[in-house]
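Right, one structure below, let's go through it.
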Amino acid sequence: MTYRRCIICEKPALAREIAGALSRLEGGGIEKHDGYLTVGQDVVTWFFGHMFQQAMPSEYGPKWANFSDLSSLPVVIPSDGWIMKVSEGKEKQVKTIRDLTRQSEIIVNCGDAGREGQLLIDEALHEWKIDPFGGNVLRIWSQDLTEGGLRAALQGMAPNAERRNLSYAALARSRADFQHGMTYSQLYTVLARNAGARVTISVGRVQTPTLKLVVMRDRERAHFKPVSHFLPKVTFVHANGSFQASWVIPDGHDGLDTEGRLVDKSQAEKICALVNGKAGSIATATSDLKSHVQPLPFSLAGLQGECGRKLSLTAAETLAIAQSLYEKKVTSYPRTDSAYLPTEMRETCAPIVASLGKVEELSAIASGVDMTIRSPAWNDSKITDHYGIVPTAEFTAAKFESLSDVEKSVFILVARQFLAQFYPAFQYKAMRVEVACEGQTFRATGRQILRQGWKDALSRKVAEDPEDRDPEDEDDKAPVLPDVKRGDAVQANGHEVASMKTTPPPAYNDPRLAGEGGAMEKAYLFETDPEIRKRLKEGDGIGRPATRASIIEVLLRRGFLKRKGKIGLESTELGRSVIDALPPQLCSVGLTAMWETALGRIEDGSLTLEKFLESQANSLRTMVAEALKSPDIVIRGIKGPVPLPGDGKTCEKCGKGIMRTREWKSKTPPHQVKKALFCSDRTCGNAIWDAHIKALPGDGKKCPECGEGIMKTKEVTSKKDGKKYTFLSCNNYPKCRHSEFPDDGKKGGKAGAGKGASGKGGPRKSS
């Protein structure tokens with residue numbers, strides 16, 4: 001059978017939505033088949049993420065077959081030599097889709113709207129010998145799963161060739177990440193193993209700088225020394241009421257540290273004593289009407305941050321729940337870095353608000369909206385590949401009841417943020433007063449709330465963790481100052497010396513690392529080079545919002561990070577030593593900035609894929625050569641076997657490898673733990689199985705029987721009593737079978753010689 005169009009979607013859920021929209025748009029029923037749906041003359045099928053993956057270096061031939069051979073590095077694949085393999089478990093679906101493409105006149109790329117979604121389908125077409133940018137390949141660019149959004153996407157299909165450069169940029173990132181990770185992971189893993197560490201050092205363009213951020217913060221906290229400082233606070237009485245004002249510390253005053261903090265308490269007490277009971281006057285008094293506009297809906301990073309703070313969910317847990325809500329059609333696409341909304345969606349919001357109003361937890365908030373209010377969120381120019389996470393037109397109260405408890409909690413956060421767009425701005429009167437008294441200046445600030453506005457929708461509460469408090473919530477508690485004007489008289493009546501201590505920066509957790517405004521997003525704060533700092537600030541930091549959670553999970557699995565509580569993150573000794581062992585360039589957040597700049601140039605056509613990879617290959621060669629000049633590295637925090645005698649010595653057989661201890665369990669019961677020394681050069685194959693045995697007297701002497709071999713201590717286990725016994729045996733076996741069984745010191749026997757000799761005392765039990 002020949003189909004008109006074969007529409008390839010990134011996920012099964014999207015395929016079902018596309019098929020449904022196509023059926024309603026053009027007519028015709030939907031027929032289900034194994035791995036695809038048919039709608040009239042069209043067929044709709046789906047991927048499960050990446051259906052193809054890059055082959056490992058060892059699959060490119062003998063050059064990279066020996067992992068321990070560092071002379072083969074770097075891993076640089078020729079531009080025409082890349083090998084892609086069908087991902088495990090996806091063979092059947094790949095064959096189904098390949099066959100469907102051969103039966104279709106037109107192929108449609110319906111990957112997610114973005115760089116990675118573009119490549120996902122394109123790379124498969126390339127493997128099937130189909131030109132992804134040929135005249136018979138179209139593109140559906142869908143950011144919206146609502147009925148209107150899908151209809152517009154289907155009607156707006158364009159040539160896939162229009163996204164050619166976007167696909168090349170994605171391919172450049174994929175190939176560069178592969179070469180970067182494979183080269184440096186192999187290089188530093190082998191160097192670490194040669195130094196005695198039983199470890200796999202995973203190096204990644206985003207993963208490694210992220211680890212360094214945590215290591216830097218942990219060390220900053222570990223070395224932090226709190227500083228006690230003091231601040232005089234005086235209560236002034238005015239005709240319209242009393243208020244407390246803090247001393248404005250003059251520059252150069254006695255008792256200050258280098259940061260301008262008052263560390264001499266006696267100086268604070270002198271100030272209080274100086275003004276106590278004295279008259280003063282209002283030096284300045286200002287009152288400004290201010291407002292805060294509605295906070296934007298959630299991007300993925302924003303939602304991850306809020307769920308971490310309010311629900312103690314990890315970034316990975318939040319992403320999984322947001323994906324589930326999306327697939328249940330109650331919220332929009334979650335993997336978005338934009339928090340803005342398309343203006344055309346505003347016309348469809350009234351029914352959504354009505355549906356939200358039928359949910360008990362949201363009814364009061366929904367009833368207070370004003371649909372005429374237009375928040376800053378409605379801005380087409382600010383939307384990237386996707387828009388903010390909001391409830392969909394398909395949401396119903398019945399669907400809400402079918403959600404799990406944690407899904408309900410996340411949905412309520414999303415819904416409140418959406419409803420806040422239809423509340424007025426938060427308004428308040430900001431007050432600032434300065435008092436002059438005895439030649440000193442004291443300052444007081446206050447806030448008088450005029451309208452809660454959108455804060456009523458969010459019902460914000462101060463987070464349990466003091467380090468996560470919302471500054472605006474704290475400002476809401478600011479006192480209301482009495483009405484005063486410049487020149488008014490006041491009297492100092494009461495005082496205190498506020499005792500304070502500096503606090504260390506907060507430890508990282510998922511929100512502070514991967515959430516909105518977190519360290520990964522604001523990585524430019526950790527870069528000193530002005531140009532790189534600028535690039536990072538203009539971009540999205542390091543990592544994409546949709547992948548930051550997985551980066552954290554990789555670091556946890558590798559043992560480089562560990563959890564502290566539910567969402568806390570802390571570097572391990574292993575993670576810290578890995579950062580110390582790697583060159584600064586591999587740990588720098590600036591690496592991503594340079595790559596993203598290049599990828600942006602590939603997207604706009606000013607740089608080719610080939611030139612980008614050629615530049616990376618040159619950098620890899622330089623870095624590998626530098627690393628091999630001084631290969632000594634130290635890795636700590638490894639839980640491995642206790643080294644056997646001889647561990648770390650040069651292999652006597654090949655003279656190149658290092659003898660290292662390995663430990664394993666025997667395959668047969670009782671599965672005993674065994675250890676031996678093995679040469680680090682796997683092409684050598686040298687192994688010393690008895691390195692754990694304590695040498696007997698005579699170990700190392702020439703064999704008296706053959707005169708060629710060396711007598712070495714051996715160990716046997718008696719089949720009769722299961723005990724272990726040691727003896728000396730010629731290592732020239734089987735040419736020479738000479739053995740010596742020493743006296744056990746109890747029966748007075750002498751050591752025997754020759755085959756089977758045991759002496760009067762018999763074998764000696766191993767200690």
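The values are calculated or read from the model by the stated rules, or taken from the named source; none is laboratory data. Since this is a predicted model, take the numbers as computed values, not measurements. Note that we place each Cβ from the backbone using ideal geometry, even for glycine, and neighbour counts take in every protein chain shown. Calculation scope for accessible area: heavy atoms of the full protein, side chains included, ligands and nucleic acids excluded. Shrake-Rupley method; radii C 1.70, N 1.55, O 1.52, S 1.80 Å.
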List the number of the failed condition for Lys290; all other conditions in (1) outside any strand (DSSP E or B); (2) under 48 Å from the mean Cα position of the chain (by Cα); (3) touching a residue at least 12 places away in the same chain (Cβ under 8 Å) hold. (1)
Taking region 341-378 and keeping residues buried (at least 20 other Cβ atoms within 10 Å of the Cβ) and touching a Gly at 6+ places or on another chain (Cβ under 6 Å) leaves Leu341, Ala366
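Among the residues of region 519-535, count how many are assigned to a loop (DSSP other than H, G, I, E, B) and either in contact (Cβ under 8 Å) with a residue 12 or more places away in the chain or in contact with a strand residue (DSSP E or B) (Cβ under 8 Å, 6 or more places away or on another chain) (or both).
Within region 519-535, residues that are assigned to a loop (DSSP other than H, G, I, E, B) and either in contact (Cβ under 8 Å) with a residue 12 or more places away in the chain or in contact with a strand residue (DSSP E or B) (Cβ under 8 Å, 6 or more places away or on another chain) (or both) number 6.
Looking at Ala158, Ala192 in this structure, which one is hydrophobic (A, V, I, L, M, F, W, C) and out of contact with any helix residue (DSSP H, G or I) (no Cβ under 8 Å at 6 or more places or on another chain)?
None of the others qualify; the one that does is Ala158.
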Based on this model, can you work out whether Val462 counts as modelled with pLDDT under 90 and open to solvent by less than 70 Å² (accessible area, probe 1.4 Å)? yes
Can you confirm whether His253 is part of a strand (DSSP E or B) and either open to solvent by less than 50 Å² (accessible area, probe 1.4 Å) or touching a Leu at 6+ places or on another chain (Cβ under 8 Å) (or both)? no
Against the condition surrounded by fewer than 20 Cβ atoms within 10 Å (Cβ to Cβ) and in a helix (DSSP H, G or I), how does Ala322 come out, does it pass? no
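Yes/no per residue for (1) at positive phi; (2) open to solvent by 40 Å² or more (accessible area, probe 1.4 Å); (3) not in a loop (DSSP other than H, G, I, E, B):
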{"position": "Trp141", "(1), (2), (3)": "no, yes, no"}
{"position": "Gly148", "(1), (2), (3)": "no, yes, yes"}
{"position": "Arg151", "(1), (2), (3)": "no, yes, yes"}
{"position": "Arg164", "(1), (2), (3)": "no, yes, yes"}
{"position": "Tyr168", "(1), (2), (3)": "no, yes, yes"}
{"position": "Arg173", "(1), (2), (3)": "no, no, yes"}
{"position": "Ala176", "(1), (2), (3)": "no, no, yes"}
{"position": "Gln179", "(1), (2), (3)": "no, no, yes"}
Report the residue count in region 9-52 for those that are surrounded by fewer than 17 Cβ atoms within 10 Å (Cβ to Cβ) and closer than 21 Å to Ala170 by Cβ. 2
Answer residue from region 629-668, given it is open to solvent by less than 40 Å² (accessible area, probe 1.4 Å) and among the hydrophobic types (A, V, I, L, M, F, W, C) and is nearest to the chain's Cα centre (by Cα) among those: Ile635
Name the single residue that is nearest to Asp580 (Cα to Cα) among those in region 608-628 being hydroxyl-bearing (Ser, Thr, Tyr) and more than 27 Å from the chain's Cα centre (by Cα). Thr622
Residue by residue through region 669-692, note down the ones that are in a loop (DSSP other than H, G, I, E, B) and either at pLDDT 75 or above or under 16 Å from Gly646 (Cα atoms) (or both). Ser680, Asp681, Cys684, Gly685, Asn686, Trp689, Asp690, Ala691, His692
Starting from residues that are free of Cβ contacts under 8 Å to residues at least 60 places away in the same chain and assigned to a loop (DSSP other than H, G, I, E, B), keep the ones in region 93-132 and report whichever is surrounded by the fewest Cβ atoms within 10 Å (Cβ to Cβ). Lys129
Residue within region 3-11 that is in contact with a Gly (Cβ under 6 Å, 6 or more places away or on another chain) and under 20 Å from Lys328 (Cα atoms) present: yes
For region 582-619, give me each residue that is assigned to a helix (DSSP H, G or I), within 25 Å of Phe560 (Cα to Cα) and in contact with a Leu (Cβ under 8 Å, 6 or more places away or on another chain). Gln585, Cys587, Gly590, Thr592, Ala593
Check region 413-424 and report whether any residue there is touching a residue at least 12 places away in the same chain (Cβ under 8 Å), buried (at least 16 other Cβ atoms within 10 Å of the Cβ), under 27 Å from the mean Cα position of the chain (by Cα) and part of a strand (DSSP E or B). no
Could we say that Ala268 is touching a residue at least 60 places away in the same chain (Cβ under 8 Å), under 30 Å from Ala546 (Cα atoms) and open to solvent by less than 50 Å² (accessible area, probe 1.4 Å) here? no
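Table: residues versus (1) assigned to a helix (DSSP H, G or I); (2) open to solvent by less than 70 Å² (accessible area, probe 1.4 Å); (3) not hydroxyl-bearing (Ser, Thr, Tyr).
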{"position": "Pro505", "(1), (2), (3)": "no, yes, yes"}
{"position": "Leu513", "(1), (2), (3)": "yes, yes, yes"}
{"position": "Gly517", "(1), (2), (3)": "no, yes, yes"}
{"position": "Lys537", "(1), (2), (3)": "yes, no, yes"}
{"position": "Thr547", "(1), (2), (3)": "yes, yes, no"}
{"position": "Val554", "(1), (2), (3)": "yes, yes, yes"}
{"position": "Lys562", "(1), (2), (3)": "no, no, yes"}
{"position": "Glu570", "(1), (2), (3)": "no, yes, yes"}
{"position": "Val578", "(1), (2), (3)": "yes, yes, yes"}
Only one of these conditions is not met by Gly135: (1) farther than 18 Å from Val43 by Cβ; (2) open to solvent by 50 Å² or more (accessible area, probe 1.4 Å); (3) touching a strand residue (DSSP E or B) at 6+ places or on another chain (Cβ under 7 Å). Which number is it? (3)
